[in-house]
Amino acid sequence: MLSLILAEAALETVPKVIVNHISVLKHANKKGKSGQEILLDRSYHHRAMNKLEDAGKRGRPDLVHFALLEAMSTPLYQKGMLEIYVHTIIDKVIFFHGNIRLPKSYFRFEGLMEELFKYRQVTSDTELLMEVKDISFIDLLNIIKPLHVIGMSQSGIKLSVEEVARRHQDKSVLVIGGFPHNHFSSKVYSKLDNVYSINEYGLEANVVIARVLYEYEKKLFKY
């Protein structure tokens with residue numbers, strides 16, 4: 001079993017400190033919701049976000065959507081051989097159950113995430129599909145109990161994607177940043193056993209996921 005953590009992901013509802021900013025109020029009013037019920041999104045809340053700590057790593061739920069669609073579309077996930085977690089930048093973790101498939105439409109994804117953060121769970125009939133818990137990255141690792149924690153970062157050791165998959169297979173956790181800029185925080189970085197870079201350029205999370213998971217599949221399925 002392989003686990004994927006989208007770490008410090010830029011997915012959260014609008015923080016209280018900026019909930020009364022005019023850009024937030026206008027966007028929330030348009031959606032018919034309160035400011036704290038909508039996702040923080042740089043496309044709408046750019047000026048308000050200047051007041052936030054680590055603003056450059058926040059407010060990009062679309063990147064999280066792309067990354068999750070990529071991971072959940074793989075044979076590895078569809079065969080039940082990949083567990084996926086989203087650890088957000090404000091230390092919440094989203095757990096997915098029942099081999100869930102997320103909507104491809106961003107607007108439906110946005111609504112689903114807003115529902116999740118409001119009610120803490122998303123269910124279908126009596127089946128639990130998703131839940132969010134207030135736990136840290138370290139707490140999540142304690143739950144998974146991996147043998148290897150592998151981080152992917154442009155600042156890591158240069159290594160081919162084939163070699164990454166060859167070195168780490170059984171009970172490994174693959175950690176990929178779910179943010180648009182900067183690097184892992186020291187809290188996350190300190191828990192990575194190895195950090196690799198598979199390209200000289202800074203690749204977005206969905207591209208890294210596609211390349212690395214394909215190499216794992218080649219090893220496991222003997223492509």
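The values are calculated or read from the model by the stated rules, or taken from the named source; none is laboratory data. Just so you know, these numbers come straight off a predicted model, no measurement behind them. Note that we place each Cβ from the backbone using ideal geometry, even for glycine, and neighbour counts take in every protein chain shown.
Listed values, structure above:
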quantity	calculated
Enumerated strands (runs of 3 or more DSSP E) restricted to segment 32-144, each holding at least 1 residues that are of a type in the set (Ser, Thr, Tyr) and either in contact with a strand residue (DSSP E or B) (Cβ under 8 Å, 6 or more places away or on another chain) or over 20 Å from PRO180 (Cα atoms) (or both)	82-88, 121-124
Extreme residue, farthest from MET81 (Cα to Cα), among residues of segment 161-193 that are at pLDDT 95 or above and assigned to a loop (DSSP other than H, G, I, E, B)	SER185
Subset of segment 83-101 [surrounded by 20 or more Cβ atoms within 10 Å (Cβ to Cβ) and either modelled with pLDDT under 95 or in contact with an Asp or Glu (Cβ under 7 Å, 6 or more places away or on another chain) (or both)]	HIS87, THR88, ILE89, LYS92
SER105 being small (Gly, Ala, Ser) and loosely packed, with under 14 Cβ neighbours inside 10 Å	yes
In segment 42-59, the residues that are buried (at least 21 other Cβ atoms within 10 Å of the Cβ) and out of contact with any Asp or Glu (no Cβ under 8 Å at 6 or more places or on another chain)	HIS45, ALA48, MET49
Selection within segment 194-223 - among the β-branched types (Val, Ile, Thr) and either modelled with pLDDT under 95 or more than 16 Å from the chain's Cα centre (by Cα) (or both)	VAL195, ILE198
Hey, LEU141 out of contact with any helix residue (DSSP H, G or I) (no Cβ under 7 Å at 6 or more places or on another chain) and of a type in the set (A, V, I, L, M) or not	yes
